[in-house]
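The values are calculated or read from the model by the stated rules, or taken from the named source; none is laboratory data. In this text, all values refer to a predicted model and were calculated from it rather than measured experimentally. Heads up, the Cβs are rebuilt from the backbone with ideal geometry, glycines too, and the neighbour counts pull from every protein chain shown.
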């Protein structure tokens, strides 16, 4: 069986695939155009996909009828038409759990960086503008005893909530499709409506899976209802927030700050005015960028491909109802 991998992954995953006797196809140049990428996909049985540069939609599946399975090097799968894949009996693997700690660490980092204007003050040092002591200049805010609101209290959201409660004694509220009984029992988390979440959070952190109906969910009307001291944190997907509305809410002091590991668009433009604000910290989508997390993702993605090659169900699958053994 042939596996197309569009970018290099940690060697632990490559070694697993080679040991399983699978033929691995790498592109000569990883910076592929859509047409180049599609040509590689047309000539393979399975795909181990890194990134979300291109969509796995109806057009893709029609153009690549030989593709029997796709293993994503990510936990998110919003760039895949799961319904279309399922109708074609194509399993879509993903990599949950192994990046939960790393991504929640990033959200926790962003929350603190924004609260203390870390990016702004670091840039002052770089620019040689470390002036004499000013008791009133660019003050931050403390997080002790404040309320953390979690939108999407799954694995990553739980990790974020646990860190925040243990470090700062923060009160935890959340909005989910369903109750998280573990969080309620262990962290004292309180389930609230979406309106209550945005109105009562001192820090609002987004950790839900992104779907089309979530596009621009956090917009001007939502920011208008948040606390003026509120910090908005997004490490999930940039599509959750309207970036122009976020910028305006910050400028108009409707909310206090924002920490983003994902942007809209992504990558963002270097002249985006939001970068000039002192209560903003933006990272280039590095939530899972640790040695441990990336190695774990490689093992899970390779494991999904290997299981499929043996006629077994993928251990981690976005559409687990699909079972397409090799004939």
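Can you find even one residue in the range 122-144 that is touching a residue at least 40 places away in the same chain (Cβ under 8 Å), in contact with a strand residue (DSSP E or B) (Cβ under 8 Å, 6 or more places away or on another chain), not in a helix (DSSP H, G or I) and not assigned by TED's automatic domain parsing to the domain that holds residue 76? I'd like the intermediate steps shown before the answer.
Step one: list which residues in the range 122-144 are touching a residue at least 40 places away in the same chain (Cβ under 8 Å), which gives 138, 141, 143.
Narrowing the set further to residues that are in contact with a strand residue (DSSP E or B) (Cβ under 8 Å, 6 or more places away or on another chain) leaves 143.
Going one step further and asking which of them are not in a helix (DSSP H, G or I), we end up with 143.
Then drop every residue that is not not assigned by TED's automatic domain parsing to the domain that holds residue 76, which leaves 143.
There is at least one residue in the range 122-144 that is touching a residue at least 40 places away in the same chain (Cβ under 8 Å), in contact with a strand residue (DSSP E or B) (Cβ under 8 Å, 6 or more places away or on another chain), not in a helix (DSSP H, G or I) and not assigned by TED's automatic domain parsing to the domain that holds residue 76.
Of all residues in the range 51-75 being free of Cβ contacts under 8 Å to residues at least 12 places away in the same chain and part of a helix (DSSP H, G or I), which is nearest to residue 209 (Cα to Cα)?
Step one: list which residues in the range 51-75 are free of Cβ contacts under 8 Å to residues at least 12 places away in the same chain, which gives 59, 62, 65.
Narrowing further to those that are part of a helix (DSSP H, G or I): 59, 62.
Numbers: 59: 24, 62: 26 Å.
If we take residues in the range 51-75 being free of Cβ contacts under 8 Å to residues at least 12 places away in the same chain and part of a helix (DSSP H, G or I), then 59 is nearest to residue 209 (Cα to Cα).
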**Prompt:** Among 110, 48, which is the only one that is touching a strand residue (DSSP E or B) at 6+ places or on another chain (Cβ under 6 Å), surrounded by 18 or more Cβ atoms within 10 Å (Cβ to Cβ) and not in a helix (DSSP H, G or I)?
**Reply:** 48
**Fill in**
Flagged in the range 209-225 as closer than 19 Å to residue 282 by Cβ, buried (at least 19 other Cβ atoms within 10 Å of the Cβ) and either at pLDDT below 95 or more than 18 Å from the chain's Cα centre (by Cα) (or both), in numbering order, are 210, 223
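Can you name the residue in the range 129-146 that is modelled with pLDDT of 95 or more and surrounded by fewer than 19 Cβ atoms within 10 Å (Cβ to Cβ) and, of all such residues, is farthest from residue 200 (Cα to Cα)? Walk me through it before giving the result.
In the first step, residues of the range 129-146 are kept if they are modelled with pLDDT of 95 or more; the result is 139-146.
Next, from what is left, pick out any that are surrounded by fewer than 19 Cβ atoms within 10 Å (Cβ to Cβ): 139-142, 144-145.
Details: 139: 23, 140: 20, 141: 17, 142: 17, 144: 15, 145: 13 Å.
So the residue we want is 139.
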**Request:** Taking residue 245 as meeting all but one of (1) surrounded by 16 or more Cβ atoms within 10 Å (Cβ to Cβ); (2) part of a loop (DSSP other than H, G, I, E, B); (3) assigned by TED's automatic domain parsing to the domain that holds residue 200, write down the number of the exception.
**Result:** (2)
**Complete:** Residue pairs qualifying under the 9 Å Cβ cut-off, at least six apart or on distinct chains, with the first in the range 155-174 being on the phi > 0 side of the Ramachandran plot and the second being surrounded by fewer than 19 Cβ atoms within 10 Å (Cβ to Cβ), are 169/144; 169/145
**Asked** What about residue 298, is it closer than 26 Å to residue 9 by Cβ, modelled with pLDDT of 95 or more, crowded, with 18+ Cβ neighbours inside 10 Å and outside the structural domain of residue 157 (by TED's automatic domain parsing)?
**Response** yes
